[in-house]
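Peer 1: Attaching a single structure in structure tokens format; questions to follow.
Read the figures in this text as sums done on the coordinates, not as results from a lab. Just so it is clear, the model here is predicted, and its values are computed rather than measured. With ideal geometry, Cβ positions are generated from the backbone for all residues, glycine too; neighbour counts draw on all protein chains shown.
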């Protein structure tokens, strides 16, 4: 990887991506103002949702030091894209996401597979009661509908996390989060009536959450889950066996923000996004030499596998 320069930063590539994303956001905002108090303005909500997902991918890359080697610069880029532009806490997400990368799919250490609205093991399903038990029985069918709430949930988690942060960090993050809320509300309420603004916000946030769900669902759901009491896996096996790649071309890369190269991303989290597809054949060949399964499938089949696993986890509750 080093010999082929795949770990070197791509400052020019990211500068173009960030600039294009900023211009697109500005264009959509201008479109909202010009379209004004019309139901046609709602057609811009899906467009804004897609652009916001691109913004989230930039924040994700900044958190992994893919964009800049300087920690302060990376944090600044993350704060602008996460807190200011999306209204979600960069500190909260980065802390949670780093724990996931350290121990993917580990039931005791990965927050992404902790029992919450959804569960991912039979042991988690057994203890569900009441409404949560009903959710688990039907979680495969409810997964994508639930992602419609993810845009709002990310904002709530961010504000809640402010209590954990140090006073200095809290002041910066809170100021940017509040700035997002004020700016977002001002944009919509200046251009539209309160009723239309509310409908726009609901549609935009729901589709933004769905887009993120479509991007993250294929990555680990239904893959190997290390036994908490078993033998500890090495770094290579831990990252490869718990991750799934999604085949596709330029459109898939764009739609999933490079997360379709999940195996390479987990092995080399600081590798710039455009290099992941170049690292893929090297990683795949290395896994083949060592006899380590390398999971890769199409986009639709990745959803089938992920939802199939969640359906299987809820099966005992449906049988009961």
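Peer 1: For residue 13 and residue 141, compute 0.36 nm times the residue count separating them, minus their Cα-Cα distance, and round to one decimal in nm.
Peer 2: Stretched fully, the residue 13-residue 141 segment lengthens by 42.2 nm.
Peer 1: I need to check one value: relative contact order of region 11-319, counting alpha carbon pairs closer than 8 Å and at least 6 residues apart, in percent.
Peer 2: Relative CO of region 11-319 lands at 23 percent.
Peer 1: Calculate the translational D of region 57-126 in whole µm² s⁻¹ from Stokes-Einstein, where the hydrodynamic radius comes from the Kirkwood formula applied to all Cα pairs, the temperature is 20 °C and the viscosity 1.002 mPa s.
Peer 2: The diffusion coefficient I find is 162 µm²/s.
Peer 1: Points 7 angstrom from Cα along the Cβ direction at residue 98 and residue 43: gap in nanometres?
Peer 2: Each label point lies 7 Å from its Cα, and together they span 4.5 nm.
Peer 1: State the extension gain, in nm to one decimal, for the chain segment bounded by residue 25 and residue 2, taking 0.36 nm per residue of separation less the distance between their alpha-carbons.
Peer 2: 4.8 nm
Peer 1: Output the relative contact order of region 45-151, whole-number percent, from Cα pairs under 8 angstrom with separation of 6+ residues.
Peer 2: About 13 percent, as a whole number.
Peer 1: Among 295-302, 77-84, what's the highest-first ranking by average C-beta atoms within 10 angstrom per residue?
Peer 2: Highest mean packing first, the order is 77-84, 295-302.
Peer 1: Return the Rg/Rh ratio of region 194-276 with Cα-based radii and a Kirkwood Rh.
Peer 2: With Rg and the Kirkwood Rh in hand, the quotient comes to 1.14.
Peer 1: If you build the convex hull over the alpha carbons only and average its shadow over all orientations, what do you get for region 11-319? Give it in nm² to one decimal.
Peer 2: Value for region 11-319: 17.5 nm².
Peer 1: Ok, one more. If you average the alpha carbon positions of region 149-191 and of region 200-235, how far apart do those two centres end up, in angstrom?
Peer 2: 23
Peer 1: Write down Rg/Rh for region 1-154, rounded to two decimals, with Rg from the C-alpha atoms and Rh from the Kirkwood relation over Cα pairs.
Peer 2: 1.05
Peer 1: Moving to a separate point now. Calculate, for residue 108 and residue 231, the FRET efficiency according to 1/(1 + (r/R0)^6) with r their C-beta to C-beta distance and R0 22 Å; round to the nearest 0.05.
Peer 2: That pair, residue 108 with residue 231, gives E of 0.90.
Peer 1: How long are the semi-axes of the equivalent ellipsoid of region 266-320, defined as square roots of 5 times the Cα gyration tensor eigenvalues? Whole Å, largest first.
Peer 2: Over the Cα atoms of region 266-320, the ellipsoid semi-axes are 32, 14, 11 Å.
Peer 1: Next question, about the same structure. So if I take the centroid of the Cα atoms in region 40-93 and the same for region 251-300, what is the distance between those two points in Å?
Peer 2: 22
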